[in-house]
Amino acid sequence: MTSSRRQFLGTAASTAFASALSLRGLDAFAAEDKIKVVGIYDLSGGLDIYGKPVVDALRFAAEEVNQKGGLLGRQIDFVNYDAQSNMQLYAQFAQQAALKDKATVVMAGITSASREVVRPVLDRFKTLYFYNNQYEGGVCDRNYFAAGVTPAQTVQKLVPHAVKKWGKKVYIVAADYNYGQIVSAWVKKYAAESGGETVAVEFFPLDVTNFGATISKIQAAKPDFVWSALVGGAHMSFYRQWKAANMAGKIPIASTTFAGGNEHIVLSPEECNGILICQNYLQELPGAANQDFVARFHKRYGADYPYITELAMGAYQGFMLWAEGVRRAQSIDRLKVIAALESGIAIDAPSGKVSVDPVTHHCTLDVHIAEVRDRKLNLVESFAQQAPSDTAAVCDLRKNPNDAKQYTIKI
Amino acid sequence: MDLAAIFSLEVVGAIATLVLMSIGLAVVFGMMKIINLAHGEFMMLGGYVAILATNRLGISIWISMLVLAPLVVGLFGVLVERLLVRHLYGRMIDTMLATWGLSLALVGLATMVFGNTTVGISSPLAGFAVGSYQTSGYTLFVIAVAVAVLAGLWLLFRFTDLGLCARASMQNAAMAAALGANPGRIYTLTFGLGAALSGLGGAVLAPVTGIIPTIGASYIAKAFITVIGGGSSVITGSLAASSLFGTVSQAVTFAATPVLGEVALLAAAIVLIRLLPQGITGRFFKRSI
């Protein structure tokens, strides 16, 4: 009796051990068979208004590619880490993505501050990096691709438009970090070029919520319009307090950050009607390609999905550009994919044609000026195929492939 | 001239904001010598009560801000005092640790229940014009609430039996007990009152800033600076310190930038504490409430 019990235990143990082994083997095989794509975006904290739509779009892109049979016959395994609007977590997750997950590509970062945390880490561990947001431009790094727009593509269009429509004097309010500082310099430059002048520039840390004094100062300066480069949930209080002070509609506002975080859905129409924006993508864009995309997206996430933001579309486009690079390279090897992307890849995105500029690793794409009206972005004017000329002025990756820094463009 | 009027209004608004941020803490600290590190979270709860009651239940914003929020947070305060704080009287460091733990727990709980997203509500008052300038009517409301709170507290302490007993226990709890007061009950009520005032402050400030579970952290530092700067007298101290810090920060914000305005507030606090370690009312207005 005892021996048979022992026997039984022994057999059971060895069977369990063996099956565990084989399971682990299978598991490892399955994981290796998949192509790992890591996202690091804020799903909580002050920047969550930007991060949530972006992660939805990336997941959607990965599912679309998988449904069509994946890449090189392999499925894509997409995971996102929530960086909680915390720079330290960006650094930790970037290391984890490169070393532990051995990600094929990392798509990460909302703010320029977080990008500059992630970029050196991924450079060091030789992991391909896509940054898909609109930003201030100037990053020149062969391991890095920027799928979003830069000031030469949007600010350069919107400032002259606003000066012509509203008048010469502009008052700039901006977030106090590299994005806000550099973009306001661009606004100043383009305002001067179109015959306008900047009467004041004010910067606000990302957690500032009280704009009372500034709203009075703006009135004292009597500008023809206000340029907002405000960023994040806390800065949304500016538009609320602007309306509460009866200023909505009295002095118009132009911005290339507004609506990027669904501000036009979260705020009431009275708080933001009439604001002019300029970006690469509007959910309202005409054309079958976009309408088809919106219908597919709504089928996946529900017809009541708030809004497909420009940042979400940037992430979708970045993902599809990378996928096209892998297809053309017939490999997920980093250098082969980079070479393929540098061979002049273009995709037909819902926002129009998007092509990678081999010299700067930025994109040539369409931009649109739109007016916020009753929770919609109404198209005012479109500009086809804008090149990233600001970054092209300082960055030539063909000549200096070992470059890896952000140029602050002399303005 | 118009600009001067607007400027004065912004300064008074900033003072009122500091009063609302710190008065709940001042009541608890000034009367019970309890350092309530969960004060910011009490304010956060008040903000959530006001916004959710209005957005989800359709209750008038005025009722949810001025009645519901202080009521709910005040009752919560009484519960906290009964379960946690009363075991630790006279042990300042222990109460700090306990309330700090409570604040962490409240942030975690709020994140689980409400999610980590900023929720907000449009400010319910229209703006108005001063000459050629426009300003927010809500600033006037914030000022009115601060004045009402200070006046109400003064009446309570000065003219009611409860106020008399409270002041007596504040000066010498053992003597007050010997004379027939019940310090235990007084402490419970005082802590509840402090919590209710924190909830009210959080609710009134919610339409200006929006609410997120971690917002307490941005309130508590300023509240502490104001209470310590004010010294032991609850009403006079809060008012004096708020006036000083509010004026300094707004003047610098106007003259320079919002960033320097915050720096100036901290610098003023450091200078003040260096010169008056007991706070303003430790040196002046000694016999005030």
Task: Value of relative contact order over chain A, rounded to a whole percent, pairs C-alpha under 8 Å and six or more apart - done: 18 percent
Task: Per-residue ³J(HN,Hα) for segment A:288-298, Karplus 6.51 cos²θ - 1.76 cosθ + 1.60, θ = phi - 60°, Hz, x for Gly and Pro - done: 5, 4, 5, 4, 5, 4, 4, 5, 4, 5, 5
- [ ] Express as a percent, rounded to the nearest 5, the fraction of DSSP beta bridges in the protein assembly as shown (both residues included) that run antiparallel.
- [x] 45 percent
- [ ] Output ³J(HN,Hα) for segment B:228-234: one whole-Hz value per residue in order, computed from phi by the Karplus curve 6.51 cos²θ - 1.76 cosθ + 1.60 with θ = phi - 60°, and x for Gly and Pro.
- [x] 5, x, x, x, 6, 6, 5
- [ ] From zero up to wherever the largest Cα-Cα distance of segment B:211-258 sits, split into 5 Å bins and tell me the percent of pairs in each.
- [x] 5, 21, 20, 19, 19, 13, 3
- [ ] Report, for segment A:75-198, the % of DSSP beta bridges that are antiparallel, rounded to 5.
- [x] 0 percent
Task: GNM top mover of B:SER242, B:SER169, B:SER22 - chain B, alpha-carbon springs below 10 Å - done: B:SER169
Open item on the list: Using a Cα-Cα cut-off of under 29 Å, which lysines could be cross-linked to A:LYS36, ignoring same-chain neighbours fewer than 8 residues away?
Closed with: A:LYS52, A:LYS68, A:LYS100, A:LYS102, A:LYS126, A:LYS299, A:LYS336, A:LYS353, A:LYS405
Task: chain A: calculated mean residue ellipticity at 222 nm from DSSP helix runs of at least 4, using -39500 (n - 2.57) - done: -13500 deg cm²/dmol
Task: Distance in nm between pseudo-label sites at A:GLN88 and A:ARG74 (7 Å out along the Cβ direction from Cα) - done: 3.5 nm
Open item on the list: Please list, ordered by chain and number, the residues whose modelled amide H lies under 5 Å from the amide H of A:CYS363; skip anything fewer than 5 residues away on the same chain.
Closed with: A:ASP357
Task: Number of partner chain Cβ atoms within 10 Å, mean per residue of A:214-223 - done: 5
TODO: Mind putting a number on the dipole of chain B about its Cα centre? Charges go on the C-beta only, +1 for Lys and Arg and -1 for Asp and Glu, and I need it in Debye to the nearest 20.
DONE: 740 debye
Task: Relative contact order (%) - criterion: Cα under 8 Å, at least six apart; region: segment B:158-268 - done: 11 percent
Task: Long-range amide H partners of A:GLY39 with built H, under 5 Å - done: A:VAL79, A:ASN80, A:TYR81, A:MET107
Open item on the list: Give me the inter-chain shielding for B:10-16: mean count of other chain Cβ atoms within 10 Å, whole number please.
Closed with: 2
Open item on the list: Using only the alpha carbons of segment A:277-411, what is the convex hull's orientation-averaged projected area in square nanometres?
Closed with: 10.0 nm²
Task: Cβ neighbours within 10 Å from other chains - mean over B:123-131 - done: 3
Task: Rounded to whole Hz, the Karplus (6.51, -1.76, 1.60) HN-Hα couplings of segment B:167-174, x for glycine and proline - done: 5, 5, 5, 5, 7, 7, 5, 5
- [ ] With springs connecting C-alpha atoms under 10 Å apart, model chain A as a Gaussian network and identify which of A:PRO388, A:PRO160, A:PRO401 has the largest mean-square fluctuation.
- [x] A:PRO401
Task: Under 5 Å, built H, 5+ apart or other chain: amide partners of A:ASP176 - done: A:PHE204, A:LEU206
Task: Top positive-direction residue, dipole computed over chain B with Cβ charges, set B:LEU83, B:GLY127, B:SER218 - done: B:LEU83
TODO: Could you work out the relative contact order of segment A:110-226, using alpha carbon pairs under 8 angstrom and six or more residues apart, expressed as a whole percent?
DONE: 24 percent
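Just so you know, all these numbers are worked out from the coordinates, no wet-lab data involved. Worth saying up front: this structure is predicted, and the values here are computed from it rather than measured. Positions of Cβ are generated from backbone atoms using ideal geometry, with glycine treated the same way; all protein chains shown enter the neighbour counts.
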